[in-house]
Amino acid sequence: MSDFEWKKPIVLWKDEVAYRTVTGTRDAAHFMNYEWPGRRESTYDNALRVCGLVTTGVLDAECSRAAFLCAADDSSSQMA
């Protein structure tokens, strides 16, 4: 496991179907930059910032997981 992978991946659902699994900080940042289906609230901006801090070694990878979950919760009902 790399330093940026999460202990527990996040499975994203749409219409009761799992459509994407996000496995860690770099995967989350890529998803947020290129695949994000919801609104980009302030929690979205914070999650991207936290991902950057994780990749520079300032924060632990699990911080980006928590921030990603907050952003997903705030974005819309398009993700769960």
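As a rough guide to protection, the peptides 61-69, 18-26 ranked by mean Cβ packing within 10 Å, highest first, stand as 61-69, 18-26. For the chain, the mean residue ellipticity at 222 nm estimated from helices alone is -15500 deg cm²/dmol, where every DSSP H run of n ≥ 4 contributes -39500 (n - 2.57) and the total is divided by all residues, rounded to the nearest 500. Relative to the longest principal axis of the Cα atoms of the chain, the long axis of helix 42-55 makes an angle of roughly 30 degrees. Overall shape of the chain was characterised from the C-alpha gyration tensor. The equivalent ellipsoid obtained from it has semi-axes of 20, 14, 9 Å, in decreasing order. Remark: Glu35, Glu16 ranked as Glu16, Glu35, counting other beta-carbon atoms within 10 Å and listing the fewest first. In percent, rounded to a whole number, the relative contact order of the chain is 34, using alpha-carbon pairs under 8 Å and six or more apart.
Here, each number is a calculation from the coordinates, and none is a lab measurement. If you're wondering where the values come from, they're calculated on a predicted model, not measured in any experiment. No Cβ is skipped: glycine too gets one built from the backbone with ideal geometry, and neighbour counts run over all protein chains shown.
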